[in-house]
Amino acid sequence: MAAGASDAPVMAGDPISEEEALRRLRLTGDPSAQYYAAWWLGRNRSTHPDAVPLLQEALRKRRPRDPGAGVEENAVARNAARALGKLAPAAEAAIPDLLATLEDEDHGLREAAARALGDLRARAAVAPLVARLAPGPAVAGALQPGTPRLQEPCEALLEALGQIGVAEPAVLAVVTPFVEHERPLIRSAACRALLQLTAAPDWGQRLVALLQHPQLQVRHAALMDLGAAGWRPALEPIAATLAENSLKLIALRGLAEQPSASHSEAATVAVLDAMDALL
């Protein structure tokens, strides 16, 4: 499930213009201003020719992971990475910077870079994403000592591979073991990726089963993952899920927008009718 909540700035501040966002992003001595500016440019899908170069510059200013320093700079870099993912196709020029960030020791930066590379459908990212996941659920998916984080941002890495859509045997072999991960969010992300890569209905059925999970957060993830995969057989289970209508509408919109030659006009109408019923 994409981490939408993490895209929001800590302090939204007053409404600003595109020019003001660009001005703030140039304020290298004011990370708070840059943080909000980077978020704003991504959220508003800026098309200004300076947006991508300035976000790239902010991304390159990341610092080594150190509890006593660099926190603000890395917060700006994370928002810059997220914003770049939203500015396709103009942000394709930033793919090399995002690939370099994928190797950063900062877990949050790796996560943001992976999501951005997925948004950009960056085929060059497939090999490094696979390499990060290759140690498997017992290593890449193990807990970091003393924290709730995993060794790798597995959810983001798996989702990126599904978005990019390179269904090579090596990719499938790395993704498949994560469907048995102990964390249901990781299982959901793996099933989503495999559904996108193979269109095999078994993976869709596994996601539908997660819609019945007792934890609301897991149901949210399964909703978003089914919507992202555009799996039409999930229409009725999505509409019946015990979750907020707003999230069900997002998932159903994903079903409606997913292009496929096999999707009939009647099926599209059924999705739209289900959305109307929730409004």
Exercise for review: Quick one: residue 108 ticks every box in (1) under 26 Å from residue 43 (Cα atoms); (2) modelled with pLDDT under 95; (3) over 14 Å from the mean Cα position of the chain (by Cα) except a single one, so which number is it?
Suggested key: (3)
Practice item. Answer yes or no as to whether residue 113 is of a type outside the set (D, E, K, R) and out of contact with any Ser or Thr (no Cβ under 8 Å at 6 or more places or on another chain). Key: no
Check your understanding: Given (1) closer than 30 Å to residue 183 by Cβ; (2) of a type outside the set (Lys, Arg); (3) at pLDDT 90 or above, where does residue 70 come up short, assuming only one miss?
Key -> (3)
Check your understanding: Do any helices (runs of 4 or more DSSP H) entirely within region 86-199 hold 3 or more residues that are touching a residue at least 12 places away in the same chain (Cβ under 8 Å) and within 21 Å of residue 59 (Cβ to Cβ), and if so, which?
Key -> 95-101, 107-119, 126-133, 154-164
Review point. Which of (1) surrounded by 15 or more Cβ atoms within 10 Å (Cβ to Cβ); (2) under 30 Å from residue 138 (Cα atoms); (3) among the aliphatic types (A, V, I, L, M) is the odd one out, the single condition residue 252 does not satisfy?
Key: (2)
Exercise for review: Could you look through region 200-227, keep only residues that are of a type in the set (Gly, Ala, Ser) and either outside any helix (DSSP H, G or I) or surrounded by 24 or more Cβ atoms within 10 Å (Cβ to Cβ) (or both), and pick out the one that is farthest from the chain's Cα centre (by Cα)?
Suggested key: 200
Practice item. Specify which of the listed residues (277, 270) is more than 25 Å from residue 190 (Cβ to Cβ), part of a helix (DSSP H, G or I) and either in the same structural domain as residue 191 (by TED's automatic domain parsing) or touching a Leu at 6+ places or on another chain (Cβ under 7 Å) (or both). Key: 270
Practice item. With the checklist (1) in the same structural domain as residue 150 (by TED's automatic domain parsing); (2) closer than 25 Å to residue 149 by Cα; (3) out of contact with any Asp or Glu (no Cβ under 8 Å at 6 or more places or on another chain) in hand, flag the one item residue 168 doesn't pass. Key: (2)
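The values are calculated or read from the model by the stated rules, or taken from the named source; none is laboratory data. Quantities reported herein were computed from a predicted structural model and do not represent experimental measurements. Cβ: placed from backbone, ideal geometry, glycine included. Neighbour counts: every protein chain shown.
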